[in-house]
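Please read the structure below before turning to the comments.
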Amino acid sequence: MAVFSRGFGSRRRESDPELPPGQYLTEDFPVLSAGPTPRIDTADWSFSITTESGQVTTWSWDQLMALPIEDVHTDIHCVTRWSKLGTTWRGVSLDTLFADIDTSDAYTMVESYGGYTTNVPLEDLLDGKAWIAFEFEGEPLDPEHGGPARLLVPHLYFWKSAKWVHGIRMHSDDDPGFWEQNGYNMYGDPWKEQRYW
Amino acid sequence: MAIVAGWLVGTVARAMRVTPQGRILVLDVPEWPGNLAGQHLDLRLTAEDGYQAVRSYSIASFGDGTTVELAVDMLPDGEVSPYLVEDVEPGDMLEVRGPLGNFFVWRDSQTEPVQLIAGGSGIVPLVSIARAHRAAASTAKFRMLYSVRAPEDAYYAPELAELVGDSFVLDWVYTRTAPVGFARAAGRITRADIEASTLPVADNPLVYVCGPTGFVETVARILVDLGHPAERIKTERFGGK
């Protein structure tokens, strides 16, 4: 049972059943990054999927833009406890990118420009659950928020939605990425409050 | 140091108003496992009807003790920070969980030069690191650049001044009001400030930057432009754009 904090609660925010436990609603778009924001020109940008056989499939920016683009309306939840409801993104589904990829590995390591990594099970990237997103609220994605493109996997805490995404490498095991080595949960389900180790 | 899984009861031991907007809070947390310099914690408040709110705060203290020190800046639209800055008093209880984060930390086994750059209440984890550096009698070259709106907005100014010595240099940027006689005119931090008042690329320092998002974005970009390798720059940001 929690202890009570005398006199706390007069400035409370409205609770919202759409918020996972321990989250609060924000109208801002806060930034959580461990280092400087990389600046990547779309002319130099590429995205690759590397399988266990060593096969590498790469898309340039123009090739990505030529793929079917989806509108995504979703809530997002950061482990630092802010949530945004009803955000709008545009991006390419990972189902599209994985359509011709031959792999039997169950896990992925998502890799970013700047060296960031995060581990996500493959099944959490497929079946309409994840995108390579390049627009937020009708505007090109800001570098601070991961532009030119970030992974968007909104059913997990947002550190899994790697900014400045550069590729996905298939892994046979669920190896920890950057924050997962630095105190954060391997999976990160906001509805189960899987924040930390 | 292990992370304790559950919530730990803390009692406010001291609450000191140190800036127009902020307070230093000292908590007694008997089960606190200790923390590294630079780590943070989650703080949970529970109202009498069971309503709860949780926020993350950097820790100004470090080491093995069960006394945990925070410095809290009041956010105008905040729900937790106004309570901590205006309402809470010694003897009041709350809960904490942690320590959290193993990246934005400094260990006394580190010997390389370190540049600390803080904006506003972003000083808190850097104070922890500066204290750990002093406590270890480390000879690693340290330099700190602290940007505040005005002198009265600075946290820990007297303590930081006392740290200054052979292995700790302190520089100030005032963005709105500079003290009388201060050489630099008030204004936001610039590339020239960073070139003049931080360790150069040639020293290959590890750089820790903490502050509001806009401040950290600006500073980190300047550091990269000056030639600091991105992997030598650790950042911690708070707040929205």
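Hey, got the dipole for the range A:49-94? About the Cα centre, +1 on K and R Cβ, -1 on D and E Cβ, debye to the nearest 20?
Details: 3 positive and 5 negative charges, 50 e Å.
Dipole about the Cα centre, nearest 20: 240 debye.
Per-residue mean of other chain beta-carbon atoms within 10 angstrom of the beta-carbon, peptide A:27-34?
Taking all residues of A:27-34 together, the mean is 6.
How big is the dipole moment of the range B:8-100 about its Cα centre under a simple scheme where the beta carbon of each Lys and Arg is +1, that of each Asp and Glu is -1, and everything else is neutral? Debye, nearest 20, please.
Values: 6 positive and 15 negative charges, 64 e Å.
Dipole magnitude for the range B:8-100 comes out near 300 debye.
Roughly how many nanometres apart are two label points built 7 Å out from the Cα toward the Cβ at A:ALA43 and B:GLU89?
6.6 nm
Put one equal scatterer on each alpha carbon of the protein assembly as shown, apply the Debye formula with no solvent term, and list log10 I(q)/I(0) at q = 0.08, 0.10, 0.11, 0.13 1/Å to two decimals.
-0.47, -0.74, -0.90, -1.22
Determine the percent antiparallel among the DSSP beta bridges restricted to the protein assembly as shown, to the nearest 5. Can you show the working numbers first?
On the way: 66 of 95 bridges.
Around 70 percent antiparallel, to the nearest 5.
In what sequence do B:TRP32, B:TRP106, A:TRP59, A:TRP197 fall when counting other Cβ within 10 Å, fewest first?
So the ranking, lowest neighbour count to highest, is A:TRP197, A:TRP59, B:TRP32, B:TRP106.
Taking other Cβ within 10 Å of each residue's Cβ, how do A:ARG150, B:ARG176, B:ARG184, B:ARG44 sort, fewest first?
B:ARG176, B:ARG184, B:ARG44, A:ARG150
Once you charge only the Cβ atoms, +1 for Lys and Arg and -1 for Asp and Glu, what is the size of the charge dipole of the range B:95-241 about its Cα centre, to the nearest 20 debye?
Approximately 300 debye in magnitude.
Describe numerically, in nm with one decimal, the distance between label points set 7 Å from Cα along Cα→Cβ at A:LEU85 and at A:MET186.
So the label points at A:LEU85 and A:MET186 sit 3.4 nm apart.
For chain B, the longest stretch holding no GluC sites (Glu not before Pro) located in a DSSP loop with at most 15 other Cβ atoms within 10 Å is which? Show your work: numbers first, answer last.
On the way: sites that count: B:GLU31, B:GLU48.
Longest gap between qualifying sites, sites excluded: B:49-241.
According to a simple spin-label model (label point 7 Å from Cα along Cα-to-Cβ), what is the distance in nm between B:THR177 and A:VAL3?
The answer from the label model is 3.8 nm.
With point charges of +1 on the Cβ of Lys and Arg and -1 on the Cβ of Asp and Glu, referenced to the Cα centre of the protein assembly as shown, which listed residue (A:PRO20, B:GLN39, A:TRP197) lies farthest in the positive direction of the dipole?
Positive-end residue among those listed: B:GLN39.
If contacts are Cα pairs under 8 angstrom and at least 6 residues apart, what is the relative contact order of the range A:47-192 in percent?
27 percent.
Percent antiparallel among DSSP beta bridges with both residues in the range A:47-192, to the nearest 5? Let's see the in-between values first.
Details: 32 of 35 bridges.
Counting only bridges with both partners in the range A:47-192, antiparallel ones make up about 90 percent.
On a 0 to 90° scale, report how tilted helix B:123-135 is relative to the longest principal axis of chain B, with both axes built from alpha carbons and the result rounded to the nearest 10.
Tilt relative to chain B: about 80 degrees.
Can you bin the range A:47-192 into rounded, prolate or oblate? Criterion: square roots of the alpha carbon gyration tensor eigenvalues sorted a ≥ b ≥ c, rounded for a/c under 1.5, prolate for a/b above b/c, oblate for the rest.
Verdict is oblate for the range A:47-192.
Can you tell me the orientation of helix B:213-226 relative to chain B, as the angle in degrees between its alpha-carbon axis and the longest Cα principal axis, to the nearest 10?
Its long axis makes an angle of about 30 degrees.
Bear in mind that the values in this text are calculations on the coordinates, not laboratory data. No experiment lies behind these values; they were computed from the predicted model shown. Don't worry about glycine lacking a Cβ; one is built from the backbone with ideal geometry, like all the others, and counts go over all protein chains shown.
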